[in-house]
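Working notes for the structure below.
The values are calculated or read from the model by the stated rules, or taken from the named source; none is laboratory data. Please read these numbers as outputs of a predicted model, since none were measured by experiment. All Cβ positions, glycine included, derive from the backbone under ideal geometry; neighbour counts span all protein chains shown.
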Amino acid sequence: MNWPDSLPNPVISDYSESCDSLNLATVMLSGRTFVRKRFSKSVLTTKMTFVMTETQKALFESFYHDELNKGTKQFNLLSKDRLIVGAYSCVPFGRRYKLSFTTESYV
């Protein structure tokens, strides 16, 4: 399922990504450090903010509740399959709304 074309892309200044380390380091008795992969895939956590009109906000809420089953289904945005984690927030921003949420995807 894709992010609706009529919804905006995230605001770049409020966009951030962080990735868990795949490696696990163990210090051996000899003093050397042994590094190995802990997982085969890492979780990429992305925080995004969007500026939306009232119409776009209503479309997002419909997409979130109906298409994503209240955030339990994945969607494709910026070439990655994502899952919204936690609740989204929406605050008035002049005549628009600032809508923010966090997603997780595997890399």
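Candidates are the residues of segment 73-107 that are among the small types (G, A, S) and over 15 Å from S16 (Cα atoms); the one that is modelled with the lowest pLDDT is S79. I'd like the residue in segment 14-54 that is among the small types (G, A, S) and in contact (Cβ under 8 Å) with a residue 24 or more places away in the chain and, out of all such residues, is farthest from K98 (Cα to Cα). So, considering only residues that are among the small types (G, A, S) and in contact (Cβ under 8 Å) with a residue 24 or more places away in the chain, the one farthest from K98 (Cα to Cα) is S42.
For segment 18-33, the criterion of being of a type in the set (D, E, K, R), surrounded by 10 or more Cβ atoms within 10 Å (Cβ to Cβ) and closer than 30 Å to R95 by Cβ is satisfied by no residue at all.
The strands (runs of 3 or more DSSP E) found entirely in segment 5-79 that carry 1 or more residues being hydroxyl-bearing (S, T, Y) are 16-19, 23-27, 33-37, 43-52.
With respect to the conditions (1) in contact (Cβ under 8 Å) with a residue 24 or more places away in the chain; (2) over 20 Å from the mean Cα position of the chain (by Cα), K57 lacks only one, and its number is (2).
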